[in-house]
Amino acid sequence: MIEKFISIEGIAKRYPAQFGGNTTIFEDLWLSMPRGEFGCVIGHSGCGKTTVLNILAGLDEPSEGTVIVDGQAIEGTSLDRAVIFQSHALLPWRTVMGNVAYAVTSKWRKWDKARVRAHAQKFIDIVGLTGSEHKRPSELSGGMKQRVGIARALSITPKIMLMDEPFSALDALTRGTLQDEVRRICLETGQTAFMITHDVDEAIYLADKIFLMTNGPGAVLAEVLENPLPKDRGRIDLHRHPHYYALRNHIIDFLVTRSKTFVETNKDHDPRNVPVVRPGFAEPAIVNTTESFQMPQAGQASAR
Ligand SMILES: Nc1ncnc2c1ncn2[C@@H]1O[C@H](COP(=O)(O)OP(=O)(O)O)[C@@H](O)[C@H]1O
Ligand SMILES: [Mg+2]
């Protein structure tokens, strides 16, 4: 049986509609992940990705359903779950050290100042900000601010690290460096991570599993992709792997066409039993973008 370290169980999110009734952003959403995995959600803007992440963080509540992390139903925010936002959300009046130390103190209230600072320093060093401890957010570049966010998140040794498009506002070079660091840290520490992105290559590089969400309203989790590339993949040779284009084409084909038509054309889609696909291995999952896409046949999608 697959360990369900994170288990999203039939959640829905509805908002009151302008002229009465409700708008359903998504409903009956089921998703699970074992401990130590890196999951990425990809879907078009407005489909409900941030809402799902906020529910996982305890910042928002589902209209229906529950979320269980490590055997416990989520009720509100917790220092077991760290969030890295797109906008870094640092305290502007605190220094780098102050921002990280604040998180450490929140988690371990009885620690004295020296212990808090030593612990915070460890994570400031890990993200490469040694020497910038005294700087305030206004004195930092965008990439450095996100590094503080990563250090702050890691410093509380969270059970899960939640990231909402954390690198989307950064230039390509900085984004690449931070992706490398997050990947290295997660691999070294076995950190469970759940990230939202709209960057296909970011998902291919970082994720063990990629969750494909259809367009909203009424978005559904259409497929779970298992990353067919080896765990020790490197950024430089990613595109040389024989399954790279199968995976990339599959995601792009989904985003360009299937995310719009999936709900209509898959009436028998079972949200509790979402197909698990390993592009490059299951024949129908290799998408030839000049031909129409066919759903994997029973037995051809690998279900773990
Ligand atoms: N407070 C709110 N009231 C009404 N609709 C909302 C509210 N917050 C979010 N939405 C709607 O929910 C949908 C999903 O939003 P969001 O989760 O931010 O999407 P994503 O992150 O995928 O771009 C959007 O259509 C958005 O307009
Ligand atoms: Mg969002």
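The values are calculated or read from the model by the stated rules, or taken from the named source; none is laboratory data. The shown structure was predicted, so the numbers you read here are calculated from the model rather than taken from an experiment. Methodologically, a virtual Cβ is constructed for each residue, glycine included, from the backbone with ideal geometry; neighbour enumeration extends over all protein chains shown.
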Does Phe211 satisfy being under 22 Å from Ala57 (Cα atoms) and either of a type outside the set (A, V, I, L, M) or surrounded by 21 or more Cβ atoms within 10 Å (Cβ to Cβ) (or both)?
-> yes
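Using the structure shown, decide if Phe167 is buried (at least 23 other Cβ atoms within 10 Å of the Cβ) and at pLDDT below 95.
Values: buried (at least 23 other Cβ atoms within 10 Å of the Cβ): yes; at pLDDT below 95: yes.
In short, yes.
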Could you look through segment 11-59, keep only residues that are of a type in the set (S, T, N, Q) and under 16 Å from the mean Cα position of the chain (by Cα), and pick out the one that is surrounded by the most Cβ atoms within 10 Å (Cβ to Cβ)?
-> Thr51
Some residue of segment 69-84 being surrounded by 20 or more Cβ atoms within 10 Å (Cβ to Cβ), within 16 Å of ligand 1 (Cβ to nearest atom) and on the phi < 0 side of the Ramachandran plot = yes
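Pick from Lys4, Lys49: which is modelled with pLDDT under 95 and not aromatic (Phe, Trp, Tyr)? Break it down stepwise before answering.
Working: Lys49 fails: modelled with pLDDT under 95.
The unique qualifying residue is Lys4.
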Regarding Ala153, is this residue more than 16 Å from ligand 1 (Cβ to nearest atom), over 21 Å from Gly43 (Cβ atoms) and in contact with a strand residue (DSSP E or B) (Cβ under 8 Å, 6 or more places away or on another chain)?
-> yes
If we keep only residues of segment 201-255 that are outside any strand (DSSP E or B) and within 16 Å of ligand 2 (Cβ to nearest atom), then the residue nearest to Asp268 (Cα to Cα) is Thr214
